Amino acid sequence: MKETNTKLGFGTLAIHAGQPPEPRTGAVMTPIFQTSTYAQRSPGEHTGYEYSRTDNPTRTAYQECLAALEGGKYALAFASGLAANDCILHLLKPGDHVVCGDDVYGGTFRIFDKVFKPMGLEFDYVDLTKPENLDKAIRPNTKLLWMETPTNPTLKLVDIEKLAKIARAKNVISAVDNTFMSSFFQKPLAFGADLVVHSVTKYMNGHSDVVGGAIIVNSDDLYQRLKFYQNAIGAVPAPMDCFLVMRGLKTLHLRMERHDQNGRAIAAYLEKHPKVEKVIYPGLTSHPQHELAKKQMTGFGGMITFYIKGGLKESRTFLESLQLFTLAESLGGVESLIEHPAIMTHASIPAETRKELGIADNMIRVSCGVEDLVDLRNDLDQAFARV
Ligand SMILES: *Cc1c(COP(=O)(O)O)cnc(C)c1O
C-alpha cells in the first residue's frame, strides 16, 4: 500500500497504515532504524530526520499506524504509558486545576498526587459516573479533564460523549485513558474527547514484551504543543520498541476479538460459580452500566473483576492453585494473567480509599488471554475445587 487511506477497515490499517515498503530496498517490514543521528547534505539541509529523540523513521511509521487505528490525525509515542501522561500534564502550569475520575490507574494517581501536585497543579478526584458531578467540579482555573473507562479494577464506566461535551463548553481539554478497550473497541475521539492516551504495554502491543505509551490527537494546536514536549522532555521509545509494538498492532483486531470471546464466556462462568460472590464485567447484564457499555464500546474486552466467597485466605489458596493463569501484574497480553489488587497493583492506594472503591481482600482481577477457553475454564475449575 502506497499511501494510507483511512477509509480502509481496521484490520487493513493495522497491517498497512504508515508502513509502505521501504523505498530503497523494498523491505516489506519497516526496518528498525537503529540510529541516533542522520547525515546532512549541507548544514541544516537534511531529509527531515536530524536526531532520533526528535524523530526516527521507525517511530514515524508506528505513530502513523497508531493515529490511523484510533481514527485520529496525529499520534505521539512514548517510552511508557506514564511518560505519555507526563507529557499531557506539561500542557498545564502551576495554579491550573485538573478534574480526574475517582478510580484511575494507581500510577496515574501517583504522578498526579506525588509529582504534579507538589509542583503547584490542583487535582480533584470526582465520581464521573454521574456527569453532573463534573459540572460542579469545574472551576475557572480548570484546564484538564482526565477520564479512564472502564476503570481499573472496579470496571466502572464514564460517559465519554457527555463529559467531553461539558468540558468543551468550558474550554477544558478532555483526555481519555483508553488502555482497557484499546483502539479496537472504543474510539474516544469520535465521542468528542481531545486526547486519547494508551499504555501500549497492554492490549495495543499485546505480547507482554514492551513497555510503552501513546497519545492520539486531532487538534493541530494540541499536537504541536505535545510534540514540543515529547522532544523537549525526551521520554521517547527506542526504534526496536516501536518495531515490536507495530508488529503487535498487526493482530490487534484478531486478538481483541478472542479476548472478548473468552472474557464474555469466563464472566458468565464465574457468575454461575457457587464459590463466587459477585462478578464485575461490562458485558454482563448485571453490570450497572451495561447500557452505556453497549453505547460507547463495540466489545467488552478481556478484563474481569470478581469477589471470591471468603477473604484473604480463600483468595490466596485460589491464586496459588492456578496452573495456566499466571499470577502477575499487568494485563492485555496474549497469555491469561490474574492478580490480587489489594496486595499487588493497588497497594499504593491508601487503605481507606481502597475500601471506598471496594478493593477488598476477596477481590480478584483477571486478564483473559487468547488461549483455548476450555483450558482456561478447566484451570479455574481445579483451583476453585481447592478452596
Ligand atoms: C498500565 C497502565 C498505565 C501506565 O502505563 P505504563 O506503560 O505502565 O507506564 C496507565 N493506565 C492504565 C489504565 C494502565 O493499565
* Asked: Can you name the condition, by its number, that Gln63 falls short on among (1) surrounded by fewer than 19 Cβ atoms within 10 Å (Cβ to Cβ); (2) not in a loop (DSSP other than H, G, I, E, B)?
  -> (1)
* Neighbours by Cβ (under 8 Å, 6+ apart or cross-chain): first from segment 190-214, farther than 13 Å from Thr179 by Cβ; second within 12 Å of the ligand (Cβ to nearest atom) and modelled with pLDDT under 95 -> Ser208/Ser330
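Considering only segment 37-95, how many residues are among the β-branched types (Val, Ile, Thr) and modelled with pLDDT under 95?
Looking only at segment 37-95, we keep the residues that are among the β-branched types (Val, Ile, Thr), and these are 37, 47, 54, 58, 60, 88.
Restricting the remaining residues to those that are modelled with pLDDT under 95 gives 47.
Count: 1.
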* Asked: Just to be sure, is Ile308 buried (at least 22 other Cβ atoms within 10 Å of the Cβ) and not assigned by TED's automatic domain parsing to the domain that holds Ile111?
  -> yes
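Let's see how each residue does on (1) touching a Leu at 6+ places or on another chain (Cβ under 7 Å); (2) over 30 Å from Ala27 (Cβ atoms):
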| position | (1), (2) |
| --- | --- |
| Ala75 | yes, no |
| Phe78 | no, no |
| Tyr105 | no, yes |
| Arg139 | no, yes |
| Thr142 | no, yes |
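Within segment 125-233, considering only helices (runs of 4 or more DSSP H) that don't extend past its boundaries, which have at least 2 residues that are under 17 Å from the mean Cα position of the chain (by Cα)? I'd like the intermediate steps shown before the answer.
On the way: elements: 132-137, 160-169, 182-185, 220-233.
By residue number, 182-185.
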* Out of (1) under 19 Å from the mean Cα position of the chain (by Cα); (2) not assigned by TED's automatic domain parsing to the domain that holds Gly299, what's the single condition that is false for His259? -> (2)
* Asked: In segment 201-223, what residues are more than 12 Å from the ligand (Cβ to nearest atom) and surrounded by fewer than 23 Cβ atoms within 10 Å (Cβ to Cβ)?
  -> His207, Asp209, Asn218, Ser219, Asp220, Asp221, Leu222, Tyr223
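Scan segment 54-72 for residues that are small (Gly, Ala, Ser) and within 16 Å of Phe243 (Cα to Cα) and jot them down.
Going through segment 54-72, the residues small (Gly, Ala, Ser) turn out to be 61, 67-68, 71-72.
Correct list: Ala61, Ala67.
Considering only residues that are of a type in the set (Val, Ile, Thr) and either in contact with a Phe, Trp or Tyr (Cβ under 9 Å, 6 or more places away or on another chain) or not assigned by TED's automatic domain parsing to the domain that holds Asn85 (or both), look in segment 120-160 and name the one that is farthest from the ligand (Cβ to nearest atom).
The extreme case among them is Ile160.
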* **Residue pairs meeting the criteria (Cβ under 9 Å; at least 6 apart or on separate chains; first closer than 18 Å to Leu319 by Cβ, in segment 273-286; second among the basic types (Lys, Arg))** => Lys275/Lys309; Val276/Lys309; Glu277/Lys309; Ile280/Lys156
* **Residue ID - nearest to the ligand (Cβ to nearest atom), chosen from residues in segment 98-119 that are charged (D, E, K, R) and touching a strand residue (DSSP E or B) at 6+ places or on another chain (Cβ under 8 Å)** => Asp103
* Structure fact -> For Asn85, the lone unmet condition from (1) among the polar types (S, T, N, Q); (2) outside any helix (DSSP H, G or I); (3) within 16 Å of the ligand (Cβ to nearest atom) is (2)
* Structure fact -> Per the filter on segment 28-45, residues over 27 Å from Leu244 (Cβ atoms) and surrounded by 10 or more Cβ atoms within 10 Å (Cβ to Cβ) are Gln40
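The values are calculated or read from the model by the stated rules, or taken from the named source; none is laboratory data. Just so it is clear, the model here is predicted, and its values are computed rather than measured. Every residue, glycine as well, gets a Cβ built from its backbone with ideal geometry; the counts of neighbours run over all protein chains shown.
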